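Readers should treat all values here as calculations from the given coordinates under stated rules, not as data from a laboratory. Since this is a predicted model, take the numbers as computed values, not measurements. Positions of Cβ are generated from backbone atoms using ideal geometry, with glycine treated the same way; all protein chains shown enter the neighbour counts.
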Amino acid sequence: MSSQISVFDSSQGQDKFLKAYNLLMATWSVPFEDKWVDTCFGKTHVVVSGPLDGEPLVLLSGAQATSGMWGPMVPELTKKRRVFCIDLIDQVGLSVPTKVLKNTQDSNAWLEETLAGLGLNEVTIIGNSLGSFIASMFAVTHPDRVRKLILTAPAATVSSVSFLYIVKAIFSSSVSSLFVKKRFLQQCAAGLVDSDNKLYQVLLNAMTESKIISKIIPRKLTIDELRNLKSPTLVMLGAEDISAGESADTVVAELSKLALDFNVEVFAGAGHLWTEQQYQLAGNKIVEFLDTTI
């Protein structure tokens, strides 16, 4: 039996992070239940909400953000749908990793096992940041399994990654200065997220109390990969996203040239990390997209 891999620097750091996580989950305004699915990469934690007979909707969080990040949009998403919010297996959260995801073959296998454990076959998937890249690569290789695909503030995927962002991310993660870490998160949020925001606190605790073990590095999909996304796709970009190597307008223009079944929404003033209001707006846009596309 494989042993657990800890992403935390200490048991005290884990306790501190879990306190911040529980405060974030306390902000959810809809009932939810926790489930765990055994995979060859460890136990995957899933937060489940919505009517039992609702159409399945799978959500993949961003790196270090946990399933708790979806709270502002879950009330809208769960009106007619059964929502499965999945903690990435080798990130902070309640998932228990025994093996690190080394590449997209691993992430595809992990997600396939998780969906099987949940009894889900053909699903709609929403990803955020790193979760968008993982969801996209799953849709590329399993087009028959994905009904619709929604990418919110994707990490790379539809654009390159800014070199300056990489430098800032590495530097802020490696230094002990709380000021530097807070400044990086504020830059990711285009200066809009309040430091009392519960998701902000989860991310800050993740940066101070844990280490990155995942080997998945998001990249821009090739033209062939983009064309292999057979399902209707909604891409939601922040106009001020510092992680992107190209502007949102450039991404829109590039995707338009490919004549794909893509809808693109650009949120003015939004960064890579969104405010509660921006997540709520995204939730409304997502429901509209799901209700109006076949």
- How much length, in nm to one decimal, is gained on full extension between SER3 and SER256, taken as 0.36 nm per residue of separation minus their Cα-Cα distance? 86.4 nm
- Item | Mean Cβ count within 10 Å, highest first, over the residues of peptides 193-206, 111-124, 211-224 | 193-206, 111-124, 211-224
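How much of the DSSP beta bridge set in the chain is antiparallel, as a percent to the nearest 5? Please list the in-between numbers first.
On the way: 15 of 41 bridges.
Expressed as a percentage, antiparallel bridges in the chain total about 35.
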- Task: Using DSSP, restrict attention to beta bridges with both residues in the stretch 155-268 and report what percent are antiparallel, rounded to the nearest 5.
- Result: 10
- Message: Just to confirm my numbers, what's the Cα centroid distance between the stretch 1-55 and the stretch 242-283 in Å?
- Response: 28
- Query: Anyone know which of ALA153, ALA268, ALA65 comes out most mobile in the 10 Å Cα GNM of the chain?
  - Reply: ALA268
- Note on the structure: In deg cm²/dmol, rounded to the nearest 500, the helical mean residue ellipticity at 222 nm of the chain, built from -39500 (n - 2.57) for every DSSP H run of length 4 or more, is -11500 deg cm²/dmol
- Message: Across the chain, what fraction of all alpha-carbon pairs, as a whole percent, falls in each successive 5 Å bin from zero upward?
- Response: 1, 6, 13, 18, 20, 19, 14, 7, 2, 0, 0
- Query: Can you pull out the chymotrypsin sites (Phe, Trp or Tyr not before Pro) in the stretch 1-100 that DSSP calls coil and that have at most 14 other Cβ atoms within 10 Å?
  - Reply: none
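Relative to the Cα centre, what is the charge dipole magnitude of the stretch 11-292, using +1 at the beta carbon of each Lys and Arg, -1 at the beta carbon of each Asp and Glu, and rounding to the nearest 20 debye?
It comes to approximately 540 debye.
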- Message: Once you place label points 7 Å from the Cα toward the Cβ at LYS99 and ALA268, how far apart are they in nm?
- Response: 4.9
- Taking the simple approach of a point 7 Å from Cα along Cα-to-Cβ for both PHE171 and LYS35, what is their distance in nm? 4.4
